[in-house]
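Below you'll find the structure, written out as structure tokens, and then a few comments.
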């Protein structure tokens, strides 16, 4: 599998085709295609670099054609491939710049800024900022405050420009990479600046892979002494890996293999993968909060939102007299609602996505870098309100300090609060003046906020908001999108990347796959299970693969895993652990699902020997016997179950079916009448009751039951459709059964006609 390098910005199929040629090591074809593209778009200035590569290729090929055997031939060919790739990658970027108004606008703005990004100037600018801030302590407070605001405003604008410069930059040289690596590891550069640079590198490398930028992210993750920088770098290189790059850049695999030799790295990668899955659940978690929790919360509080702002509801003076405990009950319900959200958040849910998604339309978020900038009080967009010490500012600082919000949401909250602070009820303003209580669901301690897991979690939430909410997000490769038409796994399922196959991280695959299966993430699990090396096909692998294949998910059946069947996987699991009930059960169910009832019967018999008191297993065993028309054997089991579990409707259903099959229609009818008359009646009860009536000769009653089912199942169907539904739902599933009990094709057609006539009455 290969990465589509220019999935974003302004995609060009010709360039994508050239990159595929490079992936397949077709150097000559790639050069010819690139030359043709250069003629079509002369403004891209491809010719000079391409001519240099082509010249070196022709010399290499010429020596080889004359029989000269160069021991460095493979190495030379590989380097030429990499040079063509770099040229093509830069061409992708230049093409996007000239054909995308979004990219062109950014480049024009950068050109207009006229900044000098040379190594010495950049390093001096970053270090001078730190020095200037340190020197402010020597100036009078009133002068220092004004100078501080000016320094931060100028520096933030510079960092915004630097961010755009990095993510729109072409392929870097080793020298440039070394410069930025030193900056990111330097103790004399502000950490917030380092964090923003790391995010820019990630954004650039995700869109168009650059081995130099990738190397920086890996090395910074490995060597930085600041946990926040390390964790951003971790997320950066993980989401920038792409697929197929190790074939072109062997260094990428070497870098990754070097990291995975450390067990702590494998542990952090495992945590990161799970955290990414929680990010993907943000919308569903939001739905749960909006539909289940917030209605209760709003129902029992004393505030209401109006066009004019937040208002307090008028209290009913008689309430305390008529129902003195009502207030306490309401408070308990409010607390329960908060408790539910607290539990969701503790589990890893992004509970604030829905609320803050409506607060990303401020001009602040027009700048891409502001989606990634760490929260700091001196940011020019918030320093006006946040820099005060009393009243609302005090409340805001408590929120920011202790609330579990990602940086992006903190900026949203402060900016929104600034706009509505004058419309807040007096009682709430008094609360703020007194310090207020935190409105966050969980109060995060300073110690918690310094943990790698906490840092990763909220940085990922920042990323998720950008890739879901930024208006021009379609201009970027989105790691949170699902797999594409070529059946490649989505970026967020990074454990499925072939780079990890056969590495030490593979020992963690089972943990992640089990997490996916438990949450019915079958497509993602299929990608990961397809990434297992042959040597890791153990019991757990077969059990998980069987469970995923048994889901019959459409995307699963198009994945690599679908080369096998659920039955095959569970059979292998049974071979490895023949006395493990879960394996035998999975095998039995898969055999049953394939209609292999005799084998399923034997598998359930084995399970009954292991678990003789398993009622569900005994019932499934009796179903197999019934489907095999071994009615006497089935009834022996069913009579026992009926005695031990009197009134169990599932036992009754199977027994009624077995009685029908054995011709004991009256006994079966008694059971069906009870089932069809109960509140828990199911569609299958109505249909099976109809079969019983039909086989016993009560054709009118049978048609009535079938009509009842169809009207219930298809209430909006046109009258002309019921004949087709009768064929598909009633006749075809049991055609062999009916014919085996003497029903002729003519009778089948007459029954279909009678059903339609009954419906029309």
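Taken together, the values in this text are just the output of simple stated rules run on the coordinates, not laboratory data. Not measured: the values here are computed from a predicted model. Backbone-built Cβ (ideal geometry, glycine too); neighbour counts: all protein chains shown.
Take peptides 700-710, 534-544 and line them up by average Cβ neighbours within 10 Å, highest first, as a rough protection proxy.
700-710, 534-544
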For the pair residue 736 and residue 639, the simple spin-label estimate (label points 7 Å beyond Cα toward Cβ) gives in nm 2.9
Where the centroid of each part is defined by its Cα atoms, how far is region 33-58 from region 137-163 in Å? 47
If I take all pairs of Cα atoms in region 500-606, what percentage of them are more than 21 Å from each other? 32
Could you work out how far apart the two model spin labels at residue 727 and residue 473 are, taking each label as a point 7 Å from the Cα in the direction of the beta carbon, and quote it in nm? 4.6
Rounded to the nearest whole number, the Stokes-Einstein translational diffusion coefficient of region 88-164 at 4 °C and 1.567 mPa s (Kirkwood radius, C-alpha pairs) in µm²/s is 87
Which whole number of Å³ per residue matches the convex hull of the alpha-carbon atoms in region 13-99? 80
P(r) of region 138-280 over all Cα-Cα pairs, 5 Å bins starting at 0, rounded to whole percent, reads 2, 9, 17, 20, 19, 13, 8, 5, 4, 3, 1, 0, 0
If each residue of separation counts as 0.36 nm, what is the full-extension length gain between residue 52 and residue 76 once their alpha-carbon separation is subtracted? 7.2 nm
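Quick one: 759, 731, fewest Cβ neighbours within 10 Å first, how do they rank?
Final ranking by Cβ density, sparse to dense: 731, 759.
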What number, in percent, do you get for the relative contact order of region 604-754 if the mean sequence gap of Cα pairs under 8 Å and at least 6 apart is divided by its residue count? 13
Relative contact order of region 13-99, please, whole-number percent, based on alpha carbon pairs below 8 angstrom and at least 6 residues apart. 38
Given R₀ = 30 Å, FRET efficiency for residue 115-residue 17 by Cβ-Cβ distance, to 0.05? 0.25
Sorting 237, 167 on the 10 Å Cβ count, fewest up front, what's the list? 167, 237
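Relative to the compact-globule scaling 2.2 N^0.38 Å, provide the ratio for the alpha-carbon radius of gyration of region 642-761.
Values: Rg = 14.2 Å, N = 120, 2.2 N^0.38 = 13.6 Å.
Region 642-761 yields a ratio of 1.05.
Can you tell me the length gained on complete extension of the stretch residue 128 to residue 261, counting 0.36 nm per residue apart and subtracting the Cα distance?
In short, 44.0 nm is gained.
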Round to a whole angstrom and tell me the spacing of the C-alpha centers of region 219-270 and region 689-707. 67
Kindly provide the pair-distance distribution of region 50-121 built from C-alpha pairs, with 5 Å bins from 0 and whole-percent values in order of increasing distance. 3, 13, 15, 13, 13, 11, 10, 9, 7, 5, 2, 0
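What is the calculated FRET efficiency for residue 420 to residue 744, with r their C-beta to C-beta distance and R₀ = 56 Å, to the nearest 0.05?
The value I calculate is 0.15.
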If you find the alpha carbon centre of region 168-193 and of region 577-605, how far apart are they in angstrom? 59
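Assuming R0 = 41 Å, what is the FRET efficiency of residue 518 and residue 39, from their Cβ-Cβ distance, to the nearest 0.05? Spell out each step's value before the answer.
Numbers: r = 55 Å, r/R0 = 1.35.
Efficiency, from the Cβ-Cβ distance: 0.15.
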Work out, step by step, the length gained on full extension between residue 699 and residue 667: first 0.36 nm times the residue separation, then minus their alpha carbon distance; give nm to one decimal. 9.7 nm
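Express the relative contact order of region 686-756 as a whole percentage, based on alpha carbon pairs under 8 Å and six or more residues apart in sequence.
Once normalised by length, the contact order is 36 percent.
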For 169-175, 117-123, 598-604, ranked highest to lowest by mean beta-carbon neighbours within 10 Å, the order is 598-604, 169-175, 117-123
